[in-house]
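Q: Supplied in structure tokens, the structure appears directly below.
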Amino acid sequence: MKKIMFAALAVCLFITVAPAPSRAVEIGFGINGMYDIWLPAFKKLHTGETCGLIGKEIKSDDDGSLMLGPELGFYTEEWKVNFAVHFGVTRNALSYSSLVWDITVWHFIPGLPFNPYIAIGDEDTRRYDADIKIAKRLNNYFNLNFGARFNYGTGEGSQFRLYPLAGPWLNLGGDEYHFWQVGPEVGIGFNYTVKGFTVFLDVNGLINGGNNYLERRLIRPGLWPFLIPFEYETDLLGFGFDTDIGVNYYIEPAHMLIGIGFRWVGVVCASLSDDGSVLDLTHDDGWISGEWDHFYGFTFNVGFRF
């Protein structure tokens, strides 16, 4: 229900603020892409740093992904309306190691040591993004920007646990998870055009609502943590910025527009509710408050305008 409500709000925002059609309208379409680095807010939960007893990251590495998708725009002298969708062609990869000492219900079953462990894991996430951007011309150089953005990530991972104080005691686990955000944004845009080149800069503020979910299964002790997994779910509110800078070049004889740029989105999260696993006795409720979700990288687009 919450997902449907947030999506409906985004659609209502567009319907409310979208400009009426003008007599002179240009239509543009093409392909846009991005090579991104994503530093997700949920990283702290996956590495074990949300443990209230001991949870400390030792090392982590984040690898970027390639995203591609269609783009559609409507342009008049006073308005610009742009729809863009990105699909993760490749996945964002996270690898990590951390020192964790937690207490769970499964510790009271003989065979699981009450000792700290070293967690070594990896996660692969496929990301999907959608943007509605509307710009109202203020003068030759500045626009008033507003619109909405949506992003969704889903993935799976694995974790290896080594208990150095308990001899050669090992454990293995698997993760399935998702994370999504949606909300409006508003800001100011600058553009300067000369001889077919347009330099642009957009600075927007945003508010997001979202949800984070993780299901983790372990194979020991006695397969109980596999049959009854750890489940963590958090509803969140985010505040942040969405900025991009770049240059477009319009080849008039071919009606072709090509461009490159750089985009950076940052959202700081606040916990609205935290439904931690009842099996995890040392989980830190409200852990996502103050965590940043960063998404940045180089953008490119190729399209036509008529």
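Values in this text are rule-based calculations from the coordinates and carry no lab data. Worth saying up front: this structure is predicted, and the values here are computed from it rather than measured. Glycine also receives a Cβ, built like all others from the backbone with ideal geometry; neighbour counts cover every protein chain displayed.
Q: Report, in degrees rounded to the nearest 10, the 0 to 90 angle that the Cα long axis of helix 2-17 makes with the longest principal axis of the chain.
A: 10 degrees
Q: Here's another thing I want to ask about it. With each run of n ≥ 4 DSSP H residues scored as -39500 (n - 2.57), what mean residue ellipticity at 222 nm is computed for the chain after dividing by its residue count and rounding to the nearest 500 deg cm²/dmol?
A: -2000 deg cm²/dmol
Q: Only one of the listed values, (i) 22.5, 71; (ii) 22.8, 77; (iii) 25.4, 108, was derived from the coordinates as Rg and Dmax of the Cα atoms in Å; which label is it?
A: Evaluating Rg and Dmax of the Cα atoms in Å on these atoms matches (ii).
Q: Please give, to one decimal in nm, the separation of the simple spin-label points placed at D122 and E57, each 7 Å out from Cα toward the Cβ.
A: 1.8 nm
Q: Same structure again: Please list, in order along the range 143-149, the HN-Hα scalar couplings obtained from phi with the Karplus expression 6.51 cos²θ - 1.76 cosθ + 1.60 (θ = phi - 60°), rounded to whole Hz, x for Gly and Pro.
A: Calculated HN-Hα couplings, in order: 10, 9, 9, 7, x, 8, 9 Hz.
Q: Right, here's the next one. Any idea what the relative contact order of the range 207-249 is, in percent, if you count C-alpha pairs under 8 Å spaced at least 6 apart?
A: Contact order relative to length: 45 percent.
Q: Past 27 Å, Cα to Cα, is the threshold; run K136/K195; K43/K136; K44/K80 against it and keep the listed order.
A: Those over the limit are K43/K136; K44/K80.
Q: Further, regarding this structure: How much net charge surrounds D122 when only the other residues with a Cβ under 13 Å from the Cβ of D122 are counted, with Lys and Arg +1 and Asp and Glu -1?
A: -4
Q: Treat every Asp and Glu Cβ in the range 2-305 as -1 and every Lys and Arg Cβ as +1, leave all other atoms uncharged, and give the resulting dipole magnitude about the Cα centre to the nearest 20 debye.
A: That gives the range 2-305 a dipole magnitude of about 620 debye.
Q: Could you give the length gained by full extension between F197 and Y35, i.e. 0.36 nm per residue of separation minus their alpha carbon distance, to one decimal place?
A: 56.0 nm
Q: While we're looking at this one, here's another question. Assuming R0 = 41 Å, what is the FRET efficiency of A24 and T90, from their Cβ-Cβ distance, to the nearest 0.05?
A: Rounded to the nearest 0.05, the efficiency is 0.50.
Q: Let me ask something else. Once you mark the trypsin sites (Lys or Arg not before Pro) that are in a DSSP loop and have at most 13 other Cβ atoms within 10 Å, what is the longest gap between them in the chain?
A: So the longest stretch without any such site is 24-194.
Q: With just the Cα atoms defining each centre, how far is the range 213-232 from the range 146-165? Give it in Å.
A: What the calculation gives is 16 Å, centre to centre.
Q: Another one. Taking a ≥ b ≥ c as the square roots of the eigenvalues of the Cα gyration tensor of the range 36-176, is the shape rounded (a/c under 1.5), prolate (a/b larger than b/c) or oblate?
A: Prolate, because a/c is 1.5 or more and a/b exceeds b/c.
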